[in-house]
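The values are calculated or read from the model by the stated rules, or taken from the named source; none is laboratory data. Note that the structure is predicted; figures quoted are calculated from it, not measured. For neighbour counting, all protein chains shown are included, and Cβ atoms are generated from backbone atoms with ideal geometry for every residue, glycine included. Surface accessibility is based on the protein's heavy atoms, side chains included, excluding ligands, DNA and RNA. Shrake-Rupley method; radii C 1.70, N 1.55, O 1.52, S 1.80 Å.
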Amino acid sequence: MGKYLLVMCFALGCLLFVQGRAEAQSFDIVKVADGVYAGIGKPGVFSNAAFIVNEDDVVVVDTHLRPSWARDLVAEIRKITDKPVRYVVNTHWHGDHVQGNQVYISVFGKNVEYLAQHNTREDMIKKAIPSVQEDLSKNVPETIARLQKMLSSGQGQDGKPLSEKDRQQFGEQLASQRAYLDELKQIQITLPTITFERSLVLHKPGRDIHIYYFGKGHTRGDVVVYLPKEKVVVTGDLLTNGIPFARDSYPVEWVSTLESLRNLDWAQAIPGHGSVQQGKDQLDKLIAFMKDVVAEVQSASKNGMNVDETKKTVDLNRHSESFPNFKTGAPAMVERAWAEVNGKIQD
Ligand SMILES: [Zn+2]
């Protein structure tokens, strides 16, 4: 009997192990319509992808910060279909949306086409490639050194002793940053092979896939991928579940870009970060917030306020409930809007 139980447990253990291995490593895969899937980044991966399974091929939108994560997404796609990925769309140039591009050529061969708005291609050359180099030579080694120092001294940056939880968290971060450093050495940014100005449509059997550029927003080259039949849109970082990252954005123009996105007939959005959105509530919250940012910054600027005075003066607290990252996201957006309104942004 004992032996029998032991065998059972062993078998069950193996089964759990196999199931555990088969689980998505980096993504929660969400089917949003027939043939349309969201790859929602798990904590630590955080940026999303979408993939569309057509009659004869697959279209992928965005490729993550690390090639290993792009490979994880390919493994997820392979569980659903054996059709090859033929097109990769980059919604914008940020590393967490383009640094895994190379995986698709290496897995599916050189017929893979990479689609992007032409500003995005330019910015991948001007900014994404140098940023890989900077991460490799400076940012990541510095982060690793900082984490190592805290772990070996047992003290945080504030000089206070680390708790057991801190130790565990920093230990995990250290392992993750080391793995990223190894991957960075392998990254060769693969550039878009097909670019366009305003729009491009892939006419597939039974499905049209529209790619639109509505103007500047989160960057100067953001596109959305729109499926009219399925009423699904993939937004990149024009829309996320919080206040999107502002550093490279154009808040004034972003408002009208978001209004164009709103004018499309869709029921579900796959955002650049965060879970799939049903309906336009989050978009409406973002539009309301962005309009207020721009109006308040414009009026502060008319009164001759500099950026610090502007940040102190504008009051956007009525939007604080709309975004989990309001505390850090709002000031960053105000700062960038001030730069745009005052002609301080250089492309
Ligand atoms: Zn971004």
Check: So how much slack lies between Q155 and Q186, counting 0.36 nm per residue of separation and subtracting their Cα-Cα distance, in nm?
Finding: 7.8 nm
Notebook entry, point to check: What residues have an amide H closer than 5 Å to that of V85, excluding those fewer than 5 places away on the same chain, when H is modeled at 1.01 Å from N in the peptide plane?
Noted result: V58
Note to self: Counting only protein heavy atoms and a 1.4 Å probe, tell me what percentage of the chain's accessible area is made up of carbon and sulfur.
What the structure shows: 52 percent
Next item on the list: Quote the FRET efficiency, to the nearest 0.05, computed for S106 versus K312 with a Förster distance R0 of 51 Å and r equal to the Cβ-Cβ distance.
Entry: 0.50
Next item on the list: Evaluate the charge dipole of the chain about its Cα centre and quote only its size in Debye, nearest 20, assuming +1 on the Cβ of each Lys and Arg and -1 on the Cβ of each Asp and Glu.
Entry: 580 debye
Check: Stretched out fully, how many nm does the piece from K291 to D56 gain, at 0.36 nm a residue minus the Cα gap?
Finding: 80.3 nm
Check: Using the Cα gyration tensor of the chain, with a ≥ b ≥ c the square roots of its eigenvalues, what is the shape: rounded (a/c below 1.5), prolate (a/b larger than b/c) or oblate (neither)?
Finding: oblate
Item checked: Average accessible area per residue (Å²) across the range 129-184 - probe 1.4 Å, nucleic acids and ligands excluded -> 64 Å²
Notebook entry, point to check: For the range 37-145, treating each Cα as an identical point scatterer without solvent, what Debye log10 I(q)/I(0) comes out at q = 0.16, 0.23 1/Å?
Noted result: -0.72, -1.30
Next item on the list: Could you run the Karplus curve 6.51 cos²θ - 1.76 cosθ + 1.60 with θ = phi - 60° over the range 113-120 and give me ³J(HN,Hα) per residue in whole Hz, x for Gly and Pro?
Entry: 9, 10, 10, 7, 5, 5, 5, 5
Next item on the list: Could you work out how far apart the two model spin labels at I144 and S275 are, taking each label as a point 7 Å from the Cα in the direction of the beta carbon, and quote it in nm?
Entry: 3.6 nm
